[in-house]
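The values are calculated or read from the model by the stated rules, or taken from the named source; none is laboratory data. Here the structure is a predicted model, which is why all the values come from computation and not from measurement. Don't worry about glycine lacking a Cβ; one is built from the backbone with ideal geometry, like all the others, and counts go over all protein chains shown. These accessible areas exclude ligands, DNA and RNA; they are computed on the full protein's heavy atoms, side chains included. Shrake-Rupley method; radii C 1.70, N 1.55, O 1.52, S 1.80 Å.
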Amino acid sequence: QKPGAQGAQAQGQTAQSVSPQEMVQRAMQARTGRNETRRTGILAGAQESDIRAGEILSDVFGRRVVFFDKAPTADDIENGFYDEATGTININVRSENVFAQIFSHELTHSIEKSRAYQNFSRAVLQQIGKTGDIAAMRKEIARIYARNGQALKSEAAIDRELVAKYVEEHLLTDEESI
């Protein structure tokens, strides 16, 4: 997932570089973290509430959740991504999107190979078609990803992003609904 709106930075995080002392302090704290989600969250400078939510949702959904710290480029920020090879949902602490948005988007990607996903995807795309111009939305998704160096090569790839975007914005919008 790429472009965002109002999350980590609005919650008090900044995209400033971290001092060497802060990095040493985080590393020492992370050594005592009880799981990978907590350790990576501490190292990346995630908020405690996001770390706790990541730990809970990791247990509930059986997905690894890790945090990373990647600064935005001039016109792009990587909010997160799902690594299919490891079953890991990766969350960028510098994202402008809130944790729940990123998690729900990437969780949706994590179920794309399941039997139920085809029916789910079809239902979501039908709903989108009822409420908006799906062709224009597909063009916009393709344009955004191409601008950010991740060209989506098929309508199916565009639709996967469209479904995940719908889930993050309309279905699983906060930790409680997730």
Fill in the blank from the handout: All conditions in (1) buried (at least 21 other Cβ atoms within 10 Å of the Cβ); (2) touching a Leu at 6+ places or on another chain (Cβ under 9 Å) are true of Ala53 except (2)
Exercise for the section: Select from segment 135-157 the residues that are of a type outside the set (D, E, K, R), part of a helix (DSSP H, G or I) and at pLDDT below 90 and list them in ascending order. Expected result: Ile144, Tyr145, Ala146
Fill in the blank from the handout: Scanning segment 125-159 for residues that are more than 19 Å from His105 (Cα to Cα) and open to solvent by less than 30 Å² (accessible area, probe 1.4 Å) gives Gly132
Completion exercise
Ser104: passes all of (1) in a loop (DSSP other than H, G, I, E, B); (2) more than 18 Å from Thr40 (Cβ to Cβ) but (1)
Completion exercise
Only unsatisfied item for Val66, checking (1) assigned to a strand (DSSP E or B); (2) over 26 Å from Val18 (Cβ atoms), is (2)
Fill in the blank from the handout: Restricted to segment 52-94 and to residues being more than 20 Å from Ile42 (Cβ to Cβ) and small (Gly, Ala, Ser), the residue modelled with the lowest pLDDT is Ala74
